[in-house]
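Participant: Structure in C-alpha cells, see below.
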Amino acid sequence: MIKIYHNPRCRKSREGLEILENSGKEFEVVKYLEDVPSKEELRQVLQCLGISAENLVRKNETIWKENYRNRLLTEEEILDAMIENPKLIERPIVIKNNTAVIGRPPENIKTLIS
C-alpha cells in the first residue's frame, strides 16, 4: 500500500497528491497536521527514507528558527520537536512498502510508484 503524508495547504504536497491520483494506484492519505504521527511512526518513516531526523526538518519554518536553530539536538529531541510542531515535518512524504521519498520535487514520487 502507498501512503502519503500530506498537507493540503502546501502546493508541493498537492502536486504530489495529484501524481498519486493520476497513477491509478490505491493509496492512503495521512493529513499529518491533524493526525500527528507517533515517534515510532516517524522513526519508521526515517528508516524508509534512509535519513536522520534533522534531514526531515523544514529549517525555514519560524518555529525552527526561533526555538531550535543553532542548538545541538539529539535525534530524540528533534523527533519530539516534530511531534510537538508537525509543521516542521518536510512534505509530502510518500511511502511504498519499505521505501519512501520526499516529494520535493514532486516528480520524486514517480520514481517510487512506477
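The values are calculated or read from the model by the stated rules, or taken from the named source; none is laboratory data. Because the structure is a prediction, the values reported are computed rather than measured. With ideal geometry, Cβ positions are generated from the backbone for all residues, glycine too; neighbour counts draw on all protein chains shown. SASA here: full protein model, heavy atoms, side chains in, ligands and nucleic acids out. Shrake-Rupley method; radii C 1.70, N 1.55, O 1.52, S 1.80 Å.
Participant: Scan the range 88-114 for residues that are under 21 Å from residue 10 (Cα atoms), part of a loop (DSSP other than H, G, I, E, B) and open to solvent by 70 Å² or more (accessible area, probe 1.4 Å) and report the count.
Facilitator: Number satisfying all stated conditions: 2.
Participant: Also, I was wondering about something else. What about residue 85, is it out of contact with any Phe, Trp or Tyr (no Cβ under 7 Å at 6 or more places or on another chain) and surrounded by fewer than 17 Cβ atoms within 10 Å (Cβ to Cβ)? Working first, answer last.
Facilitator: Values: out of contact with any Phe, Trp or Tyr (no Cβ under 7 Å at 6 or more places or on another chain): yes; surrounded by fewer than 17 Cβ atoms within 10 Å (Cβ to Cβ): no.
So residue 85 does not fit the description; no.
Participant: Somewhere in the range 72-81, is a residue modelled with pLDDT of 95 or more, within 24 Å of residue 16 (Cα to Cα) and touching a strand residue (DSSP E or B) at 6+ places or on another chain (Cβ under 9 Å)?
Facilitator: No.
Participant: Pick from 55, 7, 108: which is free of Cβ contacts under 8 Å to residues at least 40 places away in the same chain and under 12 Å from the mean Cα position of the chain (by Cα)?
Facilitator: Exactly one of 55, 7, 108 is free of Cβ contacts under 8 Å to residues at least 40 places away in the same chain and under 12 Å from the mean Cα position of the chain (by Cα), namely 55.
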